[in-house]
Amino acid sequence: MKKIRHRTAALTATLLATGAVTAPAVAHSLSPEPGRASATAPSGTRSCTKPTDQESAASAKYTITSGGRERTYILHLPKNYERHSEWPLIVAYHGRGSTGTEIEGFSGLSSLRAVVAYPNGEIGTGAGYRQAWQGAPYAPPGVDDVAFTSDLLDRLQSDYCVDPTRTYATGKSNGAGFVGLLACRLPDRFAAFAPNSGAFYPQSREGCADAKPTALLDIHGTGDSTIPYAGDPDRQLPAIRSYVADWAARDMCDPNPSTRRIGTDITVFDWKHCASGTDVKHVAVTGGGHVWPGTHTYSGGGHVTHTIAAQDVMWRFFSKHRLARTGATS
């Protein structure tokens with residue numbers, strides 16, 4: 001394994017000090033259903049037996065070869081990583097023109113009790129020299145990010161103490177659109193998916209019609225001017241409610257979701273009785289922009305709610321889902 005020497009020991013502490021990552025402190029939450037298993041702690045009680053020179057509670061940058069290309073990612077290990085044998089793993093995809101370092105900085109995901117990987121996309125097409133992901137019209141030509149993700153999971157599950165049955169994907173904007181594509185292409189590698197402010201272009205929905213049921217949590221602001229909540233026919237972007245309802249239909253959920261309010265600006269749509277133990281939720285942020293809810297650091301344009309924090313909502317959703325052990329690898 002080749003590691004780029006730009007380890008930022010105690011990066012999380014630095015981000016907390018600067019406000020880039022904030023410890024969860026929200027008045028409202030989306031609680032897991034009673035009786036479901038929690039992912040707030042690793043399942044293994046044994047110490048980790050896979051040695052690494054990366055420090056706990058720190059992040060480091062690594063490279064991996066995939067599809068003949070050298071790809072990079074940031075890896076964050078939680079506090080006391082070495083004391084447990086199986087940690088949940090979250091893979092988080094940045095938006096177009098962003099980086100793994102940036103999404104780590106504003107998302108708060110590194111404050112969770114999980115190993116978190118932040119891959120970097122390749123340079124896409126269109127104006128500017130911007131990194132992007134497969135599943136969009138500006139995606140890098142000839143780059144297979146689905147295969148890269150599979151290779152990355154193989155590496156992490158081989159070399160680190162992570163639980164293949166508790167592996168989850170999230171992302172923002174173009175990265176969230178790619179998460180939608182992964183839900184269709186790699187449903188046996190991830191237990192649940194949580195796109196935020198997703199750019200669901202037609203390319204990110206290819207092959208989804210026949211995809212197996214998967215658990216999906218979608219978060220989107222109704223005031224998002226970059227990826228409009230009502231959709232954008234000129235860019236073939238669907239209305240967000242319709243996109244999630246189609247997912248619920250694919251999961252064979254009851255067609256009419258229950259709804260509830262949190263505070264004054266959060267509406268939760270919850271589809272019940274879905275196939276194979278999956279469920280589908282949508283969190284609409286009234287007036288919310290193209291942002292990461294709950295962050296105190298810039299994550300995009302528009303209003304940021306502090307009624308919820310996206311990483312906390314995702315964590316509670318992830319905690320309800322895990323793969324069968326026999327389905328953990330492809």
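The values are calculated or read from the model by the stated rules, or taken from the named source; none is laboratory data. It should be emphasised that the depicted structure is a prediction, and the values quoted were computed from it without experimental measurement. In this analysis, Cβ positions are derived from the backbone assuming ideal geometry, glycine residues included, and neighbour counts consider all displayed protein chains. What goes into the accessible areas is simple: the full protein's heavy atoms, side chains included, and nothing from ligands, DNA or RNA. Shrake-Rupley method; radii C 1.70, N 1.55, O 1.52, S 1.80 Å.
Which of the residues spanning segment 70-94 are within 11 Å of residue 113 (Cβ to Cβ), open to solvent by less than 30 Å² (accessible area, probe 1.4 Å) and not in a strand (DSSP E or B)?
Within segment 70-94, 78, 81 qualify.
Sort out which residues of segment 171-224 are at pLDDT 95 or above, out of contact with any helix residue (DSSP H, G or I) (no Cβ under 8 Å at 6 or more places or on another chain) and open to solvent by 10 Å² or more (accessible area, probe 1.4 Å), and write them in order of number.
173, 187, 202, 222, 223 - these are the residues of segment 171-224 that are at pLDDT 95 or above, out of contact with any helix residue (DSSP H, G or I) (no Cβ under 8 Å at 6 or more places or on another chain) and open to solvent by 10 Å² or more (accessible area, probe 1.4 Å).
Given the criteria crowded, with 22+ Cβ neighbours inside 10 Å, among the polar types (S, T, N, Q) and over 30 Å from residue 151 (Cα atoms), does residue 295 qualify?
Details: crowded, with 22+ Cβ neighbours inside 10 Å: yes; among the polar types (S, T, N, Q): yes; over 30 Å from residue 151 (Cα atoms): yes.
Here the answer is yes, as residue 295 does meet what is asked.
Do we find a residue being over 26 Å from residue 312 (Cα atoms) and among the hydroxyl-bearing types (Ser, Thr, Tyr) anywhere in segment 131-146?
yes
Please indicate, with yes or no, whether at least one residue in segment 243-252 is free of Cβ contacts under 8 Å to residues at least 60 places away in the same chain, buried (at least 17 other Cβ atoms within 10 Å of the Cβ) and in contact with a Gly (Cβ under 7 Å, 6 or more places away or on another chain).
No, every residue in segment 243-252 fails to be free of Cβ contacts under 8 Å to residues at least 60 places away in the same chain, buried (at least 17 other Cβ atoms within 10 Å of the Cβ) and in contact with a Gly (Cβ under 7 Å, 6 or more places away or on another chain).
Do you know which of the residues in segment 24-66 that are at pLDDT 60 or above and open to solvent by 80 Å² or more (accessible area, probe 1.4 Å) is farthest from residue 85 (Cα to Cα)?
Selected residue: 65.
Go through segment 151-170 and count every residue that is open to solvent by 20 Å² or more (accessible area, probe 1.4 Å), in contact (Cβ under 8 Å) with a residue 60 or more places away in the chain and of a type in the set (S, T, N, Q).
Residues in segment 151-170 being open to solvent by 20 Å² or more (accessible area, probe 1.4 Å), in contact (Cβ under 8 Å) with a residue 60 or more places away in the chain and of a type in the set (S, T, N, Q): 1 in total.
Against the condition at pLDDT 95 or above, in a loop (DSSP other than H, G, I, E, B) and aromatic (Phe, Trp, Tyr), how does residue 129 come out, does it pass?
No.
Mind checking which residues of segment 100-136 are open to solvent by 10 Å² or more (accessible area, probe 1.4 Å) and among the charged types (D, E, K, R)?
Within segment 100-136, 102, 113, 122, 130 meet the criteria.
In this structure, is residue 113 at pLDDT 95 or above, touching a strand residue (DSSP E or B) at 6+ places or on another chain (Cβ under 7 Å), within 24 Å of residue 57 (Cα to Cα) and outside any helix (DSSP H, G or I)?
On the way: at pLDDT 95 or above: yes; touching a strand residue (DSSP E or B) at 6+ places or on another chain (Cβ under 7 Å): no; within 24 Å of residue 57 (Cα to Cα): yes; outside any helix (DSSP H, G or I): yes.
So residue 113 does not fit the description; no.
So for segment 83-98 (the condition being within 12 Å of residue 160 (Cα to Cα) and small (Gly, Ala, Ser)), does at least one residue qualify?
Yes, segment 83-98 contains a residue that is within 12 Å of residue 160 (Cα to Cα) and small (Gly, Ala, Ser).
For segment 46-69, which positions are touching a residue at least 24 places away in the same chain (Cβ under 8 Å) and of a type in the set (Gly, Ala, Ser)?
Hits for segment 46-69 are 47, 56, 57, 58, 59, 60, 66, 67.
Determine whether residue 316 is closer than 15 Å to residue 193 by Cβ, in a loop (DSSP other than H, G, I, E, B) and either acidic (Asp, Glu) or open to solvent by 30 Å² or more (accessible area, probe 1.4 Å) (or both).
No: the conditions fail for residue 316.
Would you check which residues across segment 298-308 are more than 23 Å from residue 245 (Cα to Cα), assigned to a loop (DSSP other than H, G, I, E, B) and either in contact (Cβ under 8 Å) with a residue 24 or more places away in the chain or open to solvent by less than 30 Å² (accessible area, probe 1.4 Å) (or both) and list them? Give the derivation first.
Taking segment 298-308 as the starting set, the residues that turn out to be more than 23 Å from residue 245 (Cα to Cα) are 298-307.
Remaining after also requiring assigned to a loop (DSSP other than H, G, I, E, B): 298-302, 304-307.
298, 299, 300, 301, 302, 305, 306, 307 - these are the residues of segment 298-308 that are more than 23 Å from residue 245 (Cα to Cα), assigned to a loop (DSSP other than H, G, I, E, B) and either in contact (Cβ under 8 Å) with a residue 24 or more places away in the chain or open to solvent by less than 30 Å² (accessible area, probe 1.4 Å) (or both).
Restricting attention to segment 258-278, which residues are within 14 Å of residue 192 (Cβ to Cβ) and hydroxyl-bearing (Ser, Thr, Tyr)?
Listed by number, the residues that qualify are 276, 278.
In segment 175-229, what count of residues is obtained for those that are over 15 Å from the mean Cα position of the chain (by Cα), of a type outside the set (D, E, K, R) and assigned to a loop (DSSP other than H, G, I, E, B)?
13
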